[in-house]
Amino acid sequence: QVQLRESGGGVVQAGGSLRLSCTVSGLTFRIYAMAWVRQVAGGERETAAKISWSGTRAEYLEPVKGRFTISRDNDKNTVYFEMNNLKPEDTAVYYCAAGSWGSDLSGLWDYWGQGTQVTVSS
C-alpha cells in the first residue's frame, strides 16, 4: 500500500518559516519525481514546486521562487519543503505528490498524501 505522510504544517506569522516533510512508503521512492501541490480554499490545486527523481532538477511556481526550496533524501524516502518569508497568500493545504516530471510545472502525479494545512497570519 502506497502511503505519503506529510508533517510540519501549522500557523505562522507573515515573514516566518515552516518546513514540511513527506515520508513515502510502498513504492520505489528514488524513481519518482516528487512535488508539493497546494490548494487554497475554494480554489484549484497548483504545483508549488517539483523535484526530479535524482534531486538534480527543481522547478517552482513563480510566486514562491526565491522563498521556498524543495529537496529530497532518497535514503530516507523523504521530500522536504523549506518555506521562508511566508505571506498570507501562501495559506493553503499543501499536498505531497509522487509521479512523473511531465512537460510543464504541473507534472503528472499518481500518488497523493492527505495534505497539511499552512496558515499565514498577517
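The values are calculated or read from the model by the stated rules, or taken from the named source; none is laboratory data. Predicted, not measured: the structure shown is a model, and the values here were computed from it. Cβ placement follows ideal geometry from the backbone for every residue including glycine, while neighbour counts extend to all protein chains displayed. Each accessible area value is taken on the protein alone, full model and side chains, heavy atoms only, with ligands, DNA and RNA left out. Shrake-Rupley method; radii C 1.70, N 1.55, O 1.52, S 1.80 Å.
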- request: Could you list all residues from the stretch 113-122 that are in a strand (DSSP E or B) and in contact with a Phe, Trp or Tyr (Cβ under 6 Å, 6 or more places away or on another chain)?
  value: 116, 118
- prompt: Do any strands (runs of 3 or more DSSP E) entirely within the stretch 1-112 hold 1 or more residues that are of a type in the set (D, E, K, R) and open to solvent by 50 Å² or more (accessible area, probe 1.4 Å), and if so, which?
  reply: 3-7, 18-25, 45-51, 58-60, 78-83, 108-112
